[in-house]
Ligand SMILES: Nc1nc(=O)c2c([nH]1)NC[C@@H]1CN(c3ccc(C(=O)N[C@@H](CCC(=O)O)C(=O)O)cc3)C=[N+]21
């Protein structure tokens, strides 16, 4: 069964638009290098911003020194007419991600990646939290009661798996984080009420890893022959479990959540 996500995405962005009270907000989206998923995100987000009467700019730096990137972030921090700064991961090896995180002003940090916002999340306080994991939570909260549920997350990155586990703990679920060194992945997956997959490999999650009636959230964004596909074998899993589509699933809701955080950030800056 397919988990329809577009209605939820629409609700989130229309509510954010209302909260902005007619104020035109600006978001700057930074992509360094050629990560396809980041470029898909930046482009679809810019479209969405404009549709809602906001605006934005994509800074696609094919190559950048660490200093160039930090200077760009600093300039955006200081510009009062700019309300949100989104830096896409992964970054190339010549750039220290920790310095990037620390440089983004905590009140313009629309993806919740600054150590202050991230630390607050760790302590149970959700101010500006990462959008991809928040999108997963929004989808799950509509499908099920999270309290007590066993959730297997196949991803341990600071962008998806780690923050998602914290959001789940805040909601009394029982998260397990799996990664490339995890043993008996199939057994763990078969026991889970919910499986969240983000590994960057098309058809990684197969039908024989999912129990009847489970919920599968596909966070994968892979470009295959010019088309976007997820990490799950959608056609076979869809027959026995609930599953989010790609495109039109988590990505769509993530995009709406980014707009929601832009509005929140503007409130923290006192412009709304
Ligand atoms: N710090 C950080 N945070 C992220 O959240 C983050 C990141 N870095 N790096 C890159 C990945 C990728 N990602 C996507 C989000 C939405 C869509 C999206 O909007 N997809 C739509 C549109 C696809 C289309 O244009 O057809 C969909 O799936 O329906 C895609 C990809 C977030 N990421």
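Every read-out reported here was derived from the displayed coordinates using simple, explicitly stated rules and does not represent laboratory data. Note that the structure is predicted; figures quoted are calculated from it, not measured. For neighbour counting, all protein chains shown are included, and Cβ atoms are generated from backbone atoms with ideal geometry for every residue, glycine included.
Of interest is the spacing of the C-alpha centroids, which for segment 196-223 and segment 114-173 amounts to 18 Å.
A Cα-only calculation for segment 190-271 places Rg and Dmax at 15.6, 51 Å. The C-alpha atoms of the chain define a longest principal axis, and helix 6-19 lies at about 30 degrees to it. The alpha carbon gyration tensor of segment 22-108 gives principal lengths a ≥ b ≥ c with a/c of 1.5 or higher and a/b no greater than b/c, which makes the shape oblate. Here 12, 85 are placed in order of increasing Cβ neighbour count within 10 Å, fewest first, which gives 12, 85. Counting only DSSP H runs of at least 4 residues, each contributing -39500 (n - 2.57), and dividing by the residue count of the chain, the helix-based mean residue ellipticity at 222 nm comes to -12500 deg cm²/dmol. As a proxy for reagent exposure, ranking 260, 238 by other Cβ atoms within 10 Å from fewest up yields 238, 260.
Relative contact order of segment 131-251: 22 percent, from C-alpha pairs under 8 Å at least 6 residues apart in sequence. Taking every DSSP bridge with both residues inside the chain, close to 10 percent are antiparallel. Scaled to the globular estimate 2.2 N^0.38 Å, the Cα spread of segment 131-251, given as radius of gyration, is 0.95.
Neighbour counting of Cβ atoms within 10 Å sorts the residues 17, 24, fewest neighbours leading, into 24, 17. Taking N as the number of residues in the chain, what is its alpha-carbon radius of gyration divided by 2.2 N^0.38 Å? Cα-based Rg divided by the globular estimate yields 0.98. Of all DSSP-defined beta bridges confined to segment 22-108, some 0% are antiparallel rather than parallel. In segment 131-251, what % of DSSP beta bridges are antiparallel (nearest 5)? If I count the DSSP bridges inside segment 131-251, around 15 percent turn out antiparallel.
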